[in-house]
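Input: a single structure, listed below in structure tokens.
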């Protein structure tokens, strides 16, 4: 477990502003005497850089160094190389401002690159110390007006190993060579791209974390080797030696193909409450997007299976095994929150919808938070659809991405009392619009140029 040393705020503020290295110390919240409200959030940060080292470098800029570049940005005095750097810093600062605005106690961070194994902590610690622990402008980094936000600290962090960019020994994409990104177990240009991490203000029970990176797709009941179904696409012809209806993967590749395109993780956190310690299992994943299928339905099938895994897991399916060889799913009396960019909308999109529908309506799920009064929503998404910029959704208030789909989810168990929820997406008439849109930045002035093409989604539970 990685911890952030705490002391009186006055004593550490200057050190944080200087981007000092953190040390370790056991931290535990005081015993509450009243109900504990905990905000769980998921956010695809879109920090998918060309290399992990690029992200590390960006996260090591201290607050004074950032400010010096921002001053030059406002005065239009940046060199071409400096402009490339500051636009990445603007994105990171805006993402940090979103987090400081919504103030989750637990945050699942999608597309936060790592070293592939989750061992190198430089990027995640830099993000905590140089961005999250420094006041950000809640009106937007590029706003002339200032509304500085309170810093936010997360004492506990975890990085997780990933299948993205982990090169297999097989020609998985059938193009005649074995190379990245197409022949990785999960799509990625290097091992660690598109990984995910976890920030928590509560202790993470690291001894009881379960990962399922190596669980095989073939070992899920009902799943079979995908077959060639698109047989007459002149732009994407069937590879030589294969025919319509043939199995896509060789028998050897199918035997080793992991289910998870990144990882599936059960990370328990320990929350002190008036009734004693409460364990909540954070079920983290980022399934492959169900698109880019030209010859088979590989991605649609895999996305569906990756989501189905959680429905099976919370049903305590006995066929499941983790990376340590322990069999079985989650105990039927355990509390949980399924968190992540699941790349699946229950009503729209290109994927097979049954798996996400089954999960959101599972008998163990609090449906008030998935399709009831506490389903996360925003005014910004509604406006985006109304303006014709975010597709045509049947529930425009619930979408979580600029491409008009509700793909980011925080799905709680039915024993958790959900009292509030939301999607951070300011409309044009709300504060913080420049955290989402500013035509002066990047190529498009929105999406990943400014912060992310996804929105932070949160639910709040009373424990």
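The values are calculated or read from the model by the stated rules, or taken from the named source; none is laboratory data. Just so it is clear, the model here is predicted, and its values are computed rather than measured. Cβ placement follows ideal geometry from the backbone for every residue including glycine, while neighbour counts extend to all protein chains displayed.
Considering the conditions (1) within 26 Å of residue 197 (Cα to Cα); (2) assigned to a loop (DSSP other than H, G, I, E, B); (3) at pLDDT 95 or above, residue 27 is excluded by exactly one of them, (3). Taking the range 349-440 as the region of interest, the helices (runs of 4 or more DSSP H) fully inside it that hold 1 or more residues being modelled with pLDDT of 95 or more and over 23 Å from residue 306 (Cβ atoms) are 368-371, 379-386. The single condition among (1) within 19 Å of residue 413 (Cα to Cα); (2) touching a helix residue (DSSP H, G or I) at 6+ places or on another chain (Cβ under 9 Å) that residue 247 does not meet is (1).
Counting only residues that are assigned to a loop (DSSP other than H, G, I, E, B) and either closer than 24 Å to residue 308 by Cβ or touching a helix residue (DSSP H, G or I) at 6+ places or on another chain (Cβ under 8 Å) (or both), the range 200-244 holds 15 of them.
This table checks each residue for (1) free of Cβ contacts under 8 Å to residues at least 24 places away in the same chain; (2) surrounded by fewer than 17 Cβ atoms within 10 Å (Cβ to Cβ); (3) touching a helix residue (DSSP H, G or I) at 6+ places or on another chain (Cβ under 6 Å).
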position: 372; (1), (2), (3): yes, yes, no
position: 380; (1), (2), (3): no, no, no
position: 395; (1), (2), (3): no, no, no
position: 400; (1), (2), (3): no, no, no
position: 404; (1), (2), (3): no, no, no
position: 408; (1), (2), (3): no, no, no
position: 415; (1), (2), (3): no, yes, no
position: 419; (1), (2), (3): no, yes, no
position: 432; (1), (2), (3): no, no, no
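Among all positions in the range 368-378, there is at least one residue which is more than 24 Å from residue 453 (Cα to Cα) and in contact with a strand residue (DSSP E or B) (Cβ under 8 Å, 6 or more places away or on another chain). Among residues of the range 54-108 being touching a helix residue (DSSP H, G or I) at 6+ places or on another chain (Cβ under 8 Å) and part of a loop (DSSP other than H, G, I, E, B), the one that is surrounded by the most Cβ atoms within 10 Å (Cβ to Cβ) is 61.
For the range 440-450, the count of residues that are touching a residue at least 12 places away in the same chain (Cβ under 8 Å), surrounded by 24 or more Cβ atoms within 10 Å (Cβ to Cβ) and under 26 Å from residue 290 (Cα atoms) is nonzero.
Quick grid of which residues meet (1) surrounded by fewer than 21 Cβ atoms within 10 Å (Cβ to Cβ); (2) closer than 21 Å to residue 203 by Cα:
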{"site": "231", "(1), (2)": "yes, no"}
{"site": "237", "(1), (2)": "yes, no"}
{"site": "246", "(1), (2)": "yes, no"}
{"site": "250", "(1), (2)": "yes, no"}
{"site": "262", "(1), (2)": "no, no"}
{"site": "267", "(1), (2)": "no, yes"}
{"site": "271", "(1), (2)": "no, yes"}
{"site": "285", "(1), (2)": "no, yes"}
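So that you can scan it fast, the table gives a plain yes or no per residue for (1) surrounded by 20 or more Cβ atoms within 10 Å (Cβ to Cβ); (2) out of contact with any helix residue (DSSP H, G or I) (no Cβ under 6 Å at 6 or more places or on another chain):
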position: 337; (1), (2): yes, yes
position: 354; (1), (2): no, yes
position: 358; (1), (2): no, no
position: 361; (1), (2): no, yes
position: 369; (1), (2): yes, yes
position: 377; (1), (2): yes, no
position: 388; (1), (2): no, yes
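What's the number of the condition residue 117 fails, among (1) touching a residue at least 24 places away in the same chain (Cβ under 8 Å); (2) over 19 Å from the mean Cα position of the chain (by Cα); (3) part of a loop (DSSP other than H, G, I, E, B)? With (1) touching a residue at least 24 places away in the same chain (Cβ under 8 Å); (2) over 19 Å from the mean Cα position of the chain (by Cα); (3) part of a loop (DSSP other than H, G, I, E, B) applied to residue 117, the lone miss is (2).
Filtered by the rule that a residue be at pLDDT below 95 and assigned to a strand (DSSP E or B), the range 441-463 gives no residues. If you filter the range 287-315 down to residues that are part of a loop (DSSP other than H, G, I, E, B) and touching a helix residue (DSSP H, G or I) at 6+ places or on another chain (Cβ under 8 Å), you find that the one that is surrounded by the most Cβ atoms within 10 Å (Cβ to Cβ) is 287.
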